[in-house]
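Shown below is the structure under consideration.
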Amino acid sequence: QVGMSTAERDAFLKETRIGTLSTLNPDGSPNAMPLWYHWDGHKIRMFSSRDTGKIRRLANDPRACLSVAQGAGIAEAWVTVEGTVEVLDQGGGELACRLAAVYYEPEKARKTIAAWQKKDDWVLLELTPTRIRS
(Lines give C-alpha, C1' and ligand atoms only; values in the text may rest on other atoms or scores of the structure.)
Protein backbone atom coordinates (compact mmCIF):
# COMPACT_ATOMS: atom_id res chain seq x y z
CA GLN A 1 0.00 0.00 0.00
CA VAL A 2 1.23 3.45 -0.89
CA GLY A 3 0.29 5.78 1.95
CA MET A 4 -2.66 5.57 4.32
CA SER A 5 -6.29 5.14 3.36
CA THR A 6 -8.52 8.18 3.93
CA ALA A 7 -9.91 6.57 7.10
CA GLU A 8 -6.41 5.79 8.43
CA ARG A 9 -5.24 9.31 7.63
CA ASP A 10 -8.27 10.89 9.32
CA ALA A 11 -7.82 8.73 12.42
CA PHE A 12 -4.10 9.58 12.56
CA LEU A 13 -4.72 13.34 12.25
CA LYS A 14 -7.52 13.29 14.84
CA GLU A 15 -5.21 11.91 17.55
CA THR A 16 -3.57 14.45 19.85
CA ARG A 17 -0.30 15.25 18.09
CA ILE A 18 1.97 18.22 17.47
CA GLY A 19 2.10 19.37 13.86
CA THR A 20 4.84 21.39 12.18
CA LEU A 21 3.50 24.27 10.11
CA SER A 22 5.80 25.43 7.33
CA THR A 23 5.22 28.88 5.86
CA LEU A 24 7.28 30.87 3.38
CA ASN A 25 9.59 33.76 4.19
CA PRO A 26 9.56 36.72 1.75
CA ASP A 27 12.67 35.31 0.04
CA GLY A 28 10.89 31.97 -0.52
CA SER A 29 12.80 30.04 2.14
CA PRO A 30 10.73 27.86 4.52
CA ASN A 31 9.98 28.65 8.15
CA ALA A 32 8.77 25.72 10.30
CA MET A 33 6.98 26.00 13.65
CA PRO A 34 5.51 23.24 15.86
CA LEU A 35 1.92 23.85 16.94
CA TRP A 36 -1.41 22.37 17.96
CA TYR A 37 -4.06 21.75 15.31
CA HIS A 38 -7.52 20.32 14.73
CA TRP A 39 -8.48 18.21 11.68
CA ASP A 40 -12.18 17.88 10.81
CA GLY A 41 -11.72 15.67 7.76
CA HIS A 42 -11.71 18.67 5.39
CA LYS A 43 -9.54 21.44 6.85
CA ILE A 44 -6.75 21.87 9.36
CA ARG A 45 -7.56 24.57 11.90
CA MET A 46 -4.92 26.31 14.02
CA PHE A 47 -4.79 29.47 16.11
CA SER A 48 -2.36 32.29 16.68
CA SER A 49 -2.05 35.75 18.09
CA ARG A 50 -2.51 38.27 15.28
CA ASP A 51 0.93 39.91 15.54
CA THR A 52 3.25 36.98 14.81
CA GLY A 53 5.74 36.09 12.13
CA LYS A 54 3.60 33.28 10.78
CA ILE A 55 0.64 35.63 10.28
CA ARG A 56 2.87 38.14 8.46
CA ARG A 57 4.33 35.34 6.31
CA LEU A 58 0.84 34.02 5.45
CA ALA A 59 -0.34 37.53 4.54
CA ASN A 60 2.58 37.68 2.10
CA ASP A 61 2.05 34.14 0.73
CA PRO A 62 -0.83 31.90 1.95
CA ARG A 63 0.80 28.66 0.80
CA ALA A 64 1.70 26.38 3.70
CA CYS A 65 2.24 22.80 4.73
CA LEU A 66 1.45 20.99 8.00
CA SER A 67 3.45 17.85 8.70
CA VAL A 68 2.48 15.44 11.49
CA ALA A 69 4.63 12.42 12.37
CA GLN A 70 4.47 9.47 14.72
CA GLY A 71 7.04 9.57 17.52
CA ALA A 72 10.31 7.67 17.31
CA GLY A 73 10.36 4.01 18.33
CA ILE A 74 6.87 3.38 16.92
CA ALA A 75 5.96 2.05 13.48
CA GLU A 76 6.61 4.83 10.96
CA ALA A 77 3.55 6.94 10.20
CA TRP A 78 3.17 10.52 8.98
CA VAL A 79 0.79 12.81 7.13
CA THR A 80 1.63 16.03 5.30
CA VAL A 81 -1.14 18.44 4.31
CA GLU A 82 -0.24 21.05 1.69
CA GLY A 83 -2.49 23.94 0.73
CA THR A 84 -3.38 27.53 1.40
CA VAL A 85 -4.20 29.19 4.71
CA GLU A 86 -6.94 31.73 5.28
CA VAL A 87 -6.55 33.87 8.41
CA LEU A 88 -9.94 34.60 10.01
CA ASP A 89 -10.77 37.15 12.70
CA GLN A 90 -13.28 34.89 14.47
CA GLY A 91 -12.80 31.50 16.12
CA GLY A 92 -9.12 31.56 17.11
CA GLY A 93 -9.68 32.07 20.83
CA GLU A 94 -12.36 29.39 20.98
CA LEU A 95 -10.07 26.89 19.24
CA ALA A 96 -7.14 27.83 21.50
CA CYS A 97 -9.18 27.15 24.63
CA ARG A 98 -10.68 23.93 23.22
CA LEU A 99 -7.23 22.58 22.31
CA ALA A 100 -5.69 23.62 25.65
CA ALA A 101 -8.17 21.23 27.29
CA VAL A 102 -6.95 18.47 24.95
CA TYR A 103 -3.19 19.08 24.98
CA TYR A 104 -2.72 20.06 28.66
CA GLU A 105 -3.47 18.19 31.87
CA PRO A 106 -6.63 19.54 33.61
CA GLU A 107 -5.07 22.01 36.09
CA LYS A 108 -2.70 23.55 33.54
CA ALA A 109 -5.55 23.67 31.02
CA ARG A 110 -7.82 25.50 33.49
CA LYS A 111 -5.19 28.15 34.23
CA THR A 112 -4.22 28.55 30.58
CA ILE A 113 -7.81 28.86 29.39
CA ALA A 114 -8.55 31.48 32.07
CA ALA A 115 -5.58 33.56 30.87
CA TRP A 116 -6.27 33.04 27.16
CA GLN A 117 -9.94 34.03 27.46
CA LYS A 118 -8.74 37.55 28.38
CA LYS A 119 -6.77 37.91 25.12
CA ASP A 120 -8.47 39.68 22.24
CA ASP A 121 -5.92 39.25 19.46
CA TRP A 122 -6.58 35.61 18.48
CA VAL A 123 -7.01 34.64 14.85
CA LEU A 124 -8.07 31.34 13.32
CA LEU A 125 -5.95 29.75 10.59
CA GLU A 126 -7.74 27.43 8.17
CA LEU A 127 -5.54 25.28 5.95
CA THR A 128 -7.48 24.03 2.93
CA PRO A 129 -5.67 21.04 1.43
CA THR A 130 -4.55 20.94 -2.17
CA ARG A 131 -2.52 17.76 -1.60
CA ILE A 132 -2.33 15.26 1.25
CA ARG A 133 0.49 12.71 1.43
CA SER A 134 1.11 9.91 3.89
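Quick one: pull the percent of accessible area on the chain belonging to carbon and sulfur, 1.4 Å probe, ligands and nucleic acids left out.
Working: 3950 of 7630 Å².
Carbon and sulfur atoms account for 52 percent of the accessible area of the chain.
Still on this structure, please answer the following. Size of the dipole of the chain about the Cα centre, Lys and Arg at +1 and Asp and Glu at -1 on the beta carbon, nothing else charged, in debye to 20? Can you show the working numbers first?
On the way: 18 positive and 17 negative charges, 36 e Å.
That gives a dipole near 180 debye.
In segment 39-110, which GluC sites (Glu not before Pro) fall in coil by DSSP and have 11 or fewer other Cβ atoms within 10 Å? Don't skip to the end; give the middle numbers.
Values: sites: 76, 82, 86, 94, 107; in loops: 76.
Answer by residue number: 76.
Averaged per residue, what accessible area in Å² does the chain show with a 1.4 Å probe, protein chains only? Each step should come with its number before you reach the end.
Working: 7630 Å² over 134 residues.
For the chain, the solvent-accessible area averages 57 Å² per residue.
Still on this structure, please answer the following. Please tell me the relative contact order of the chain in percent, rounded to the nearest whole number, where contacts are Cα pairs under 8 Å and at least six residues apart. All intermediate terms of the calculation are to be shown ahead of the outcome.
Values: 242 pairs, mean separation 38.3, N = 134.
This gives 29 percent for the chain.
Additional query: Between residue 119 and residue 43, what is the label-to-label distance in nm when each label sits 7 Å out along the Cα-to-Cβ direction?
Label-label distance for residue 119 and residue 43, simple model: 2.0 nm.
Next question, about the same structure. Rounded if a/c is under 1.5, else prolate if a/b beats b/c, else oblate: with a ≥ b ≥ c from the C-alpha gyration tensor eigenvalues square-rooted, which is segment 49-109?
Numbers: a/c = 2.65, a/b = 1.14, b/c = 2.32.
The shape class here is oblate.
Taking a ≥ b ≥ c as the square roots of the eigenvalues of the Cα gyration tensor of the chain, is the shape rounded (a/c under 1.5), prolate (a/b larger than b/c) or oblate?
Working: a/c = 1.91, a/b = 1.17, b/c = 1.63.
Oblate, because a/c is 1.5 or more while a/b does not exceed b/c.
Could you work out [θ]222 nm for the chain from helices alone, using -39500 (n - 2.57) per DSSP H run of at least four and dividing by all its residues? Round to the nearest 500 deg cm²/dmol. Numbers along the way, then the final one.
Values: 4 runs with 40 residues, N = 134.
Calculated from helices alone, the mean residue ellipticity at 222 nm is -9000 deg cm²/dmol.
Under 1.5 on a/c is rounded, so check that first for segment 1-60, then, if it is not, pick prolate when a/b is larger than b/c and oblate when it is not; a ≥ b ≥ c are the square roots of the alpha carbon gyration tensor eigenvalues. Mind showing how you got there, number by number?
On the way: a/c = 2.78, a/b = 1.83, b/c = 1.52.
Prolate is the answer for segment 1-60, as a/c is 1.5 or above and a/b outweighs b/c.
Tally Lys/Arg at +1 and Asp/Glu at -1 over every other residue whose Cβ is under 9 Å from the Cβ of residue 37; what's the total?
On the way: positive: 17, 45; negative: none.
For residues surrounding residue 37, the net value is +2.
Now for a different question. Say R0 is 35 Å: what FRET efficiency, to the nearest 0.05, do residue 6 and residue 109 get from their beta-carbon distance? Display every interim value, and only then the final one.
Working: r = 31 Å, r/R0 = 0.88.
After rounding to 0.05, the efficiency reads 0.70.
Give the residue list of trypsin sites (Lys or Arg not before Pro) in segment 79-134 that are DSSP loop and have at most 13 other beta-carbon atoms within 10 angstrom.
118, 119
The values are calculated or read from the model by the stated rules, or taken from the named source; none is laboratory data. Keep in mind it's a predicted model, so treat the numbers as computed, not measured. Don't worry about glycine lacking a Cβ; one is built from the backbone with ideal geometry, like all the others, and counts go over all protein chains shown. In case anyone asks, the SASA skips ligands and DNA or RNA and just uses the protein heavy atoms, side chains included. Shrake-Rupley method; radii C 1.70, N 1.55, O 1.52, S 1.80 Å.
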